[in-house]
Amino acid sequence: MKSKRRWKSILTLLRRALSFRKGTAKIGIYGPPNAGKTTLTNRIIHTFVDENEDVGTATEVPHETRRAVRRAGVTIDLKAKSLENPNSDLNSESEVKPKRGKAKLKLDVVDTPGLATKIDFHEFMAYGLEEDEAKRRAKEATEGVIEAIKWLDDIDGIVLLMDSTEDPYTQTNIVIIGNMEARGIPIIIAANKVDLVDASPQRIANAFPQHSVIPISALKGENMLDLYEEMARRFR
Amino acid sequence: MEIKMNLISEDKINSMTSTEKLRFVLDGVKSGDIVVLEGGLTSEEQMKLIELTMTEVDDDFSGIEMSGYPSKKGFLNIRKKTRLTVIGPAKMMHTTKKDKDLISAIISAI
């Protein structure tokens, strides 16, 4: 039985290896609640599709995204972008960096609800929600977690977003990474919120030394070029 | 108030199917027990446990706290060897520190 499962896993890996480069890759933006998944997804859409289009609303209330949202047909074309606007760092509000990107990648971006092992409606009440509304949101949030897990079956690669100001060594992060490794799905860790003073992307790199860790600020647009280049390299 | 801990041997865990393991763990945690599994759960089983937990979250049960040592590479670096996993009710258990070989948690009665 175990050997049958192992063969199935090897066949899945081979199938992925052979088919990944042919079509459009479905890339999931995963992470715990409030890591900045919707902000990153919006940043990608603003940069490469339409600067007025949002896939969702980012707020400080956890589990704001409670349904996975797929934005199809995004082309990350760094060469075209750098020709279009040679002095920008792809929408960065930070210092200008020298341009080097020529990578191109077609993908569907999937903004997923935050993964969590617990959802307590009292936490929403702390943000001023009435009890009934908090309970409704908690119920939707549990459904969102299940939906995010189910999406893993259809994902070709993931950007796992972590908050650089938080301890990265959480069981949720470990479980996501373990699952991706077992499925042979490529993974990039984005250490988000590096614009904050207590950010420590190095702590994330130390916790997961076997994976690429790209420090970014999705909110400020810092270091996005590095992330896009890594996405184009790993997900093509 | 007393807190019950169930320390489950690897042999006992290995005699169960994945579904039985998850049901066993969640039933224990929902009754307020802390469940410690020698040999632990695989990351796939942990993901299924999160999924199963989410179907059972309600006003009284807010979910689980789970901590485990990461799995070790096994034979020829192919098969992974899982290690200890500890699971408790989210309202009672709070992990304070965790690294590759250490888990510190505070467990308090509701």
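Would you work out the charge dipole size for chain B about its Cα centre, treating the Cβ of every Lys and Arg as +1 and the Cβ of every Asp and Glu as -1, and quote it to the nearest 20 debye? Don't skip to the end; give the middle numbers.
Values: 16 positive and 17 negative charges, 141 e Å.
Dipole magnitude for chain B comes out near 680 debye.
So, with +1 on the Cβ of K and R and -1 on the Cβ of D and E, and no other charges, what is the size of the charge dipole of segment A:98-212 about its Cα centre, to the nearest 20 debye? Each step should come with its number before you reach the end.
Working: 14 positive and 20 negative charges, 168 e Å.
For segment A:98-212, the charge dipole is close to 800 debye.
What does the structure give for B:40-47 when I average, per residue, the other chain Cβ atoms found within 10 Å of the residue Cβ? Write out the running numbers ahead of the final one.
Numbers: counts 0, 1, 4, 11, 5, 2, 8, 9.
So the per-residue partner count for this stretch is 5.
Output the 0 to 90 degree angle, nearest 10, between the alpha-carbon long axis of helix B:43-56 and the longest principal axis computed from the alpha carbons of chain B.
20
Antiparallel versus total DSSP beta bridges in segment A:24-235: what percent is that, nearest 5?
Numbers: 8 of 26 bridges.
Given both bridge residues lie in segment A:24-235, the antiparallel proportion sits at roughly 30 percent.
Mind ranking B:59-65, A:149-155 by how tightly packed they are, going by the mean number of other C-beta atoms within 10 angstrom, highest first?
Working: B:59-65: 18.4, A:149-155: 15.3.
So the peptides B:59-65, A:149-155, ranked by packing, come out B:59-65, A:149-155.
Could you work out the mean count of beta carbons from other protein chains within 10 Å of each residue's beta carbon in A:143-150?
Values: counts 2, 1, 7, 6, 1, 3, 5, 1.
Whole-number average of other-chain Cβ neighbours for A:143-150 is 3.
Okay, helix-only estimate at 222 nm for the protein assembly as shown: each DSSP H run of n ≥ 4 adds -39500 (n - 2.57), divide by all residues, round to 500 deg cm²/dmol; what do you get?
Details: 11 runs with 127 residues, N = 346.
Dividing the helical sum by the residues of the protein assembly as shown leaves -11500 deg cm²/dmol.
Return a whole-number percent for the relative contact order of segment A:24-235, with Cα pairs under 8 Å and 6 or more residues apart as the contact set. List each step's numbers first, then the result.
Values: 410 pairs, mean separation 56.5, N = 212.
Relative contact order, segment A:24-235: 27 percent.
Just want the answer: with Cβ charges of +1 for Lys and Arg and -1 for Asp and Glu, which residue in B:84, B:61, B:16 is farthest toward the dipole's positive end in chain B?
B:84
Where the only charges are on Cβ atoms (+1 Lys, Arg; -1 Asp, Glu), what is the dipole of segment A:148-236 about its Cα centre, to the nearest 20 debye?
Here the size comes out at about 180 debye.
On alpha-carbon atoms, Rg over Rh for the protein assembly as shown using Kirkwood Rh?
0.98
If you average the sequence gap of Cα pairs under 8 Å that are 6 or more apart and divide by the length of chain B, what percent do you get for the contact order? Show your work: numbers first, answer last.
Working: 181 pairs, mean separation 29.1, N = 110.
Reported relative contact order: 26 percent.
Between helix B:18-30 and chain B, what is the angle of the helix's C-alpha long axis to the longest principal axis, kept within 0 to 90° and rounded to the nearest 10?
Long axis of B:18-30 versus the principal axis of chain B: about 30 degrees.
Rank A:201, B:105, B:28 by how far each Cα sits towards the positive end of the charge dipole of the protein assembly as shown (+1 on Lys, Arg Cβ; -1 on Asp, Glu Cβ) and give me just the farthest.
Of the candidates, A:201 comes out farthest on the positive side.
Could you check how many percent of all C-alpha pairs in chain B are farther apart than 26 Å?
Values: 904 of 5995 pairs.
Taking all Cα-Cα pairs of chain B, the fraction more than 26 Å apart is 15 percent.
Going down the table (A:150/B:72; B:4/B:48; A:37/B:4; A:139/B:48; A:193/B:97), which pairs top 28 Å between alpha carbons? Let's see the in-between values first.
Values: A:150/B:72 26 Å; B:4/B:48 24 Å; A:37/B:4 38 Å; A:139/B:48 18 Å; A:193/B:97 22 Å.
Cα-Cα > 28 Å for A:37/B:4; rest within.
All of the numbers you see were taken from the coordinates with simple rules; none came from a lab. Quantities reported herein were computed from a predicted structural model and do not represent experimental measurements. We place every Cβ from the backbone using ideal geometry, glycine too, and count neighbours over all the protein chains shown.
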